[in-house]
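J.: Could you have a look at this structure, given as structure tokens, before my questions?
The values are calculated or read from the model by the stated rules, or taken from the named source; none is laboratory data. As the structure is a computational prediction, the values presented were derived from the model and not from experiment. All Cβ positions, glycine included, derive from the backbone under ideal geometry; neighbour counts span all protein chains shown. Accessible surface areas use protein heavy atoms only, side chains included; no ligands, DNA or RNA. Shrake-Rupley method; radii C 1.70, N 1.55, O 1.52, S 1.80 Å.
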Amino acid sequence: MKKFLSLVLALAMTMSLVTVSAGAKDFTDNSKIEYKEAVDVVSALGIVGGYEDGSFNPQNTLTRGAAAKIICNLILGTTTASALRADTAPYSDVPTTNTFAGYIAYCQKEGIISGYADGTFKPAATLTGYAFMKMLLGALGYDSDIEGYTGANWSIAVGKRALGIGLEDGNDEFVGVNAVTREEACLYAFNTLKATMVEYDSKTTVSVNGAEVVVGGSEAKNVSQNGYKSYITNIDEKDDTTLQFCEKNFKDLKAKTDDTNDFKAPATTWTYDGDEIGTYDQDVDATLVVADADKDLKTLITDADYLDYSADDAKNATVYVNGVGDADKTYTDVNDKVLANKGDIIDVYENDNGTINTIVVRSYTYAKIDAVDDDLSKTLENRGASVELSLVKIDGNSFGNGNYYDNYNQDDQILNGYTSDYKEGTVLAVAMGENDAILDSYVVETVTGTPSAAKKVVVNDSDVVVGGNITIDGTKYNYAGTMTGLT
């Protein structure tokens, strides 16, 4: 996996791929969180929090008691949910003194959860993805009895409905019978926020041992928006007729879905109560890593050996190369004029009808760190929460204007002293935008071993290689750009 480095210009700060503002929680283990957008939004709402040491621990498994708390925070909001108390033990192993007793009692009363046949709930046990989604469906208004979420094969009914409305979106490796991790719980809760609420015209109930049990009713239907405002700030209100969960329960959560990142790729900016949570890339529909030098965009988009779109599907797409482009000049205008180099990445974003809306080309230049100013005697104020870097291109030419900075965690510096993975001589792949702005960068993979074969091109009797490949310990590596130091 690529290791990313956030770099900022000395005089003009540039955005990274994911911009995190004061509205998002700054967990000490942010780099370990895969579902960053979901965790940021859900934690900003107070639905899920971190640990006392400042970490989030995304891979820790969720307990059944903690799941009940999440559901209550979703439905009631954190202030009301935190005041919940259980007058009597809801289950034999959940005394009123249990941390989660109030949450469990509420979910039990609302028919969102059920215990085991022996009268226990096992609040400290883990729960499966299907079990957690059953609870989320209950929060959306689905009735467990009517929908068949109880009894034998309940998980089939839950899975059909939950996956049908996209509660697992974002997790391409979803397995419903596996235990839910904390960040997966955030992802499914995040999808619930955007999901449509449902209701029933009628329900039929009977009394069983003194308790009212639903035995039949109408089919679930979408709740009308009916005066609630859309959480998406850039759509026509009349086009949003159904009520999403967040529109009812978190009216101050807003999403601007027509934003862009530094590469001009589609992005969404989330705010809550006026405070920005962050800007996050939208899902790409197709990606191509260019393996050939000097291929024109027309070939890469339409050729069957590459992305294989029709010219008609692509004709109105806006094209950006490292954030540079003109919305008035579409693919039709530039398709045979834009050349992509080996190692460039082409991302395609489609409209709802399958035609292409945006084509983003990410092109990287190779540079090395010429010097690192890691003088720890500087105060935090003078250091500006960063370590100063000087960069030069691999071929020795100048690289941008001014110095660049490697951000670091101030707490780490204070407690442990600052240590950077980026040392003098480290080779980086850097995407440059307009005015020498750093859009993205990562450390180039280093491979050690015994070369057994190589193909190279020598330019001007130097050792500069343009194209070609090298085989090391039986693995062939293609050169993704101009490199030096090979003989």
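J.: Can you check what the net charge comes to around Val289, using other residues whose Cβ is under 11 Å from the Cβ of Val289 (Lys, Arg +1; Asp, Glu -1)? Intermediate results must be reported in sequence, preceding the final value.
T.: Numbers: positive: Lys342, Arg362; negative: Asp292, Asp344, Asp347.
Every neighbour counted, the sum reads -1.
J.: Can you list residues from other chains, or at least 5 along the same chain, whose modelled amide H is less than 5 Å from the amide H of Ala267?
T.: Asp259, Thr260, Asn261, Gln282
J.: Using a 1.4 angstrom probe, figure out how much accessible area region 48-194 has per residue, in square angstrom, rounded to the nearest whole. Walk me through the numbers before you get to the answer.
T.: Details: 6500 Å² over 147 residues.
With the other protein chains kept in place, region 48-194 gives 44 Å² per residue.
J.: Right, something else. Based on alpha-carbon atoms only, what is the radius of gyration of region 33-145 relative to the globular estimate 2.2 N^0.38 Å?
T.: Numbers: Rg = 13.9 Å, N = 113, 2.2 N^0.38 = 13.3 Å.
Ratio of Rg to 2.2 N^0.38 Å for region 33-145: 1.05.
J.: Short version: ³J(HN,Hα) in whole Hz for each residue of region 52-64, in order, from phi by Karplus 6.51 cos²θ - 1.76 cosθ + 1.60 (θ = phi - 60°), x for Gly and Pro, what are they?
T.: 4, 7, x, 8, 10, 6, x, 8, 5, 7, 7, 9, 5
J.: Considering amide H positions built from the backbone, and no H for Pro or chain starts, which residues 5 or more places from Ile394, or on another chain, come under 5 Å of its amide H?
T.: Tyr366, Ala367, Lys368
J.: Holding the Cα-Cα limit at 32 Å, pick out from Lys109/Lys194; Lys160/Lys329; Lys264/Lys295; Lys254/Lys298 the pairs that are longer than that.
T.: Details: Lys109/Lys194 25 Å; Lys160/Lys329 44 Å; Lys264/Lys295 22 Å; Lys254/Lys298 38 Å.
Checking Cα-Cα distances, Lys160/Lys329; Lys254/Lys298 exceed 32 Å.
J.: Moving on to the next point. Apply the Karplus parameterisation 6.51 cos²θ - 1.76 cosθ + 1.60, with θ equal to phi minus 60°, to every residue of region 82-92 and state each ³J(HN,Hα) to the nearest whole Hz, in sequence, with x for glycine and proline.
T.: Taking θ as phi minus 60°, the curve returns 5, 8, 5, 9, 9, 6, 10, 5, x, 9, 4 Hz for region 82-92.
J.: Rounded, prolate or oblate: pick one for region 300-368, where a ≥ b ≥ c are the square roots of the eigenvalues of its C-alpha gyration tensor, a/c under 1.5 means rounded, and failing that, prolate if a/b is larger than b/c, else oblate. Present the calculation step by step, with values, prior to reporting the outcome.
T.: On the way: a/c = 1.91, a/b = 1.49, b/c = 1.28.
Note, shape of region 300-368 comes out prolate.
J.: Nearest 5 is fine: what % of DSSP beta bridges in region 221-311 come out antiparallel, could you say?
T.: Working: 13 of 14 bridges.
Taking every DSSP beta bridge within region 221-311, about 95 percent pair in antiparallel fashion.
J.: A further question on this structure: If packing is taken as the average number of other Cβ atoms within 10 Å across a peptide's residues, how do 111-117, 169-175, 186-192 rank, most packed first?
T.: Values: 111-117: 16.4, 169-175: 13.1, 186-192: 25.6.
Ranking, from highest mean packing down: 186-192, 111-117, 169-175.
J.: Let me ask another. Hey, can you grab everything whose amide H is under 5 Å from the amide H of Gln225? Only 5+ residues off in sequence or another chain; H modelled, so Pro and N-termini drop out.
T.: Answer set, sorted by chain and number: Thr242, Leu243.
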